[in-house]
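Report on one structure; see the data block that follows.
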Amino acid sequence: MEGAIHPPETSAFRDCFSLAWKNPYVLRLAFSAGIGGLLFGYDTGVISGALLYIRDDFEAVEKRTVLQESIVSMAVAGAIIGAAIGGWMNDRFGRRTSILVADFLFLVGAIVMAAAPNPALLIIGRVFVGLGVGMASMTSPLYISEASPAKIRGALVSTNGFLITGGQFLAYLINLAFTKAPGTWRWMLGVAGIPALLQFILMFFLPESSRWLYRKGRQEEAKSILKKIYPPHEVETEIQALQESVEAEVREGSSEKISFIKLWKTKTVRRGLLAGVGLQVFQQFVGINTVMYYSPTIVQLAGFASNETALLLSLITSGLNALGSIVSIYFIDRMGRKKLLVISLTGVIISLGILSAAFHETSSHAPDVGRMATEHFRNYTCPDYETASTTWDCMRCLKASPHCGFCASGTNKMFPGACLISNSTLRDLCHNEHREWYTKGCPSNYGWIALVGLALYIIFFSPGMGTVPWIVNSEIYPLRFRGVCGGIAATANWISNLIVAQSFLSLTEAIGTSWTFFIFGLISVAGLIFVLVSVPETKGLPIEEVEKMLEQRAIQLVFWKKGSDQEKKNSVV
C-alpha cells in the first residue's frame, strides 16, 4: 500500500496469524474477496472431471476432440472478455462493484450449465462462467492488495492463490462425490452457484477499496477504512502517501482517458507491463492448465482407464496444488518473488522432462492388438483394423479413428488385447468380462512415472509460477494505471490460457503426449531466462518505491546473496 517504507518482516506468514487476533477486519476483507479466487479455481477445475461424464452422455462430444476442447476453452474465451471489461469496470465503478457483477455471472452460468439439454447450451453456460472468472481473476487480488498493509501484502494476496487452488481441490472432491449420482456432471457444474451467492452477500456489506474512493474524491470514506486497516500511529502516514499518489495521478491525467500508446511511452509502466504481462503469458505456456483442465484425461493417457480412478489420482495432484499455495503464503514475503519464481521454473523444467520421458516409454511399449483376442468379439472389430495388413498395437488402434477403442486382456493388461468399435455397448461388454476399456490411453507399466512427474510439476509450479505472477501484477503498476494495466495482464493470461486449452488434446493427437510436454519444457526454459532478465523484486516495497525502482535500468542477475534492504530496493533484480 502507498505509504512509508515497511521493511520486510522475518515471516509475513506469522504476521498474518498475529493480524487475525489484532485486526480481523483486514482478514475479513481479504477472505471475502478471495471467494472470487475460490470460484475461479472451482469453475476451471470442475470441468476436468465433468468432461469424463459429459463425453458419456453426449456421443458427439465423445467422438469430436474439438468439441471437448470447446467445452473447456469457451470459459477461457469468456474470461478474456471478462478480464478486459474488468480493467475498465474496476476504474470506472470500483473493485467491490466488479466483484458483485462477477458473482452474478457465476450464478447465471452455473444454472445454465446444470440445466443444459445439449452441448451448445452447455458451452453458453461456460461462457457466462468465463466472464465471471475473468473479472474475478484480476479484481480479487487487486481488492486484497489495496486492503493490505505493505509488509504482509504478499502473504494476503497469496491467500487468493490458495483459494484458487483450494477451489480446484474442492472441484475434484465434488466430482468424486457425484460420480454415482443421477445427472453426475450437472451437479458438478451447478454447485458453483453456492459460493457465488455467498460472496455476493458478503461483499454487499463490505466497503469499496480505500484507494479507489480517494481517487474519486470520497476522502472521508477512504480515511475511515484506512483507520480500520492500520494501527493509529500509521494512519496519518498512509493517508498522506495516498494523497500524494492521487495528486500525481491528477497531474498526469486519469487512467480512464489513457491510451495504450501513452502507457507504452511511460517508462515505468512499460517496464512494469513487460514483466507483468510476460509472467502471465509464461504461467500459461508452461502448461499448467493442461494439468488443471485435463488432469483426469492425462491420467487416462498414462494408462489408468477408469473414470473414478482418474478422478481419484487427479485429486492428489489438486491437493498438492493447494498445499503449494500454502507454501507460497509462508515464503512469498520471506524469500521474495523472484527467488521463488526461479526455484519454481527450475523444478517445472525437470518435471516436464520426466513427463515427456514417461509418455515416450508408454507409447513405445503399448500392448499389441491380438487377432485371437479381437476375434473373441466377432462382428465388433474396428473397421480400420479389419483392413490392416500390418501388426497393430494399442496406440495404433486408438489413433486410427475416434471410432476405435482397445479392450485389454483380462489376464494381464500388457498381453495382446482387442481393437473394437468404440461405443457404450462395447465398453459395457468389455467391462462385463472384467477387462479394462481404453479410448484415451493404453495400458502401461510406466504410468506411475508419469504420475510422479505430474506430482512434481504441481509441487514446483504452485508456490512460484502459480501465485507470484498475480502478486507481481497487483504490486508493479502505479495506482493511476493499475486497473488498466491489471486488465491488460489478465487478458494476456486468458488469451494464453485459451491457446493452450484449445490446442492441448489436438496437439497430443497430432504429435503425441511426449512431444507436447517436451515443448512445454522448452518454453519453461525461455520463461526462466525471462524471469532472470526482466522481472523486478517487489518484496516489502510500497507501490511508489516499486515505481522508482522501475525508473532504473540496472539488471542484477545475482539476486541470491543477502544484502541491505536499501540495496534490494534500489536494484532491479
Handout entry: Filter on Lys413/Lys440; Lys216/Lys267; Lys338/Lys539; Lys267/Lys338; Lys267/Lys539; Lys63/Lys413 - keep pairs with C-alpha separation over 18 Å
Key = Lys216/Lys267; Lys267/Lys338; Lys267/Lys539; Lys63/Lys413
Completion exercise
Non-local residues with an amide H under 5 Å from the amide H of Asp393, with H modelled 1.01 Å from N and Pro and chain starts lacking one, are Val369
Completion exercise
For region 301-426, the percent of accessible surface on carbon and sulfur atoms (probe 1.4 angstrom, ligands and nucleic acids excluded) is 59
Problem - Nonlocal amide H pairs with Tyr230, under 5 Å, H built at 1.01 Å - result: none
Problem - region 36-104, Rg to Rh (Cα coordinates; Rh as Kirkwood inverse mean 1/r) - result: 1.12
Fill in the blank from the handout: Expected sort for 407-420, 279-292, 53-66 on mean C-beta neighbours within 10 Å, highest first, is 279-292, 407-420, 53-66
Practice task
Determine the gain in length on full extension of the stretch Thr237-Ser364; use 0.36 nm per residue of separation and subtract their C-alpha separation, reporting nm with one decimal.
Solution key: 39.2 nm
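Starting from the Cα gyration tensor of region 304-359, multiply each eigenvalue by 5, take the square root, and state the resulting semi-axes largest first in whole Å.
Semi-axes from the Cα gyration tensor: 28, 17, 4 Å.
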Handout entry: Per-peptide average of other Cβ atoms within 10 Å, ordering 200-210, 499-509 highest first
Key = 499-509, 200-210
Exercise for the section: Please give, to one decimal in nm, the separation of the simple spin-label points placed at Ala60 and Lys228, each 7 Å out from Cα toward the Cβ. Expected result: 5.0
Exercise for the section: Roll a 1.4 Å probe over the protein chains and send me the accessible area per residue for region 344-440 in Å². Expected result: 49
Exercise for the section: Quick one: which residues, 5+ away or cross-chain, put their amide H under 5 Å from the amide H of Phe415? H built at 1.01 Å from N. Expected result: Ser409
Practice task
Wrap a convex hull around the Cα atoms of region 267-406, take a quarter of its surface area, and give that in square nanometres.
Solution key: 12.3
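The values are calculated or read from the model by the stated rules, or taken from the named source; none is laboratory data. As the structure is a prediction and not an experimental result, all values here were calculated from the model. Heads up, the Cβs are rebuilt from the backbone with ideal geometry, glycines too, and the neighbour counts pull from every protein chain shown. Please note that ligands, DNA and RNA were not included when accessible areas were found on the heavy atoms of the full protein model with its side chains. Shrake-Rupley method; radii C 1.70, N 1.55, O 1.52, S 1.80 Å.
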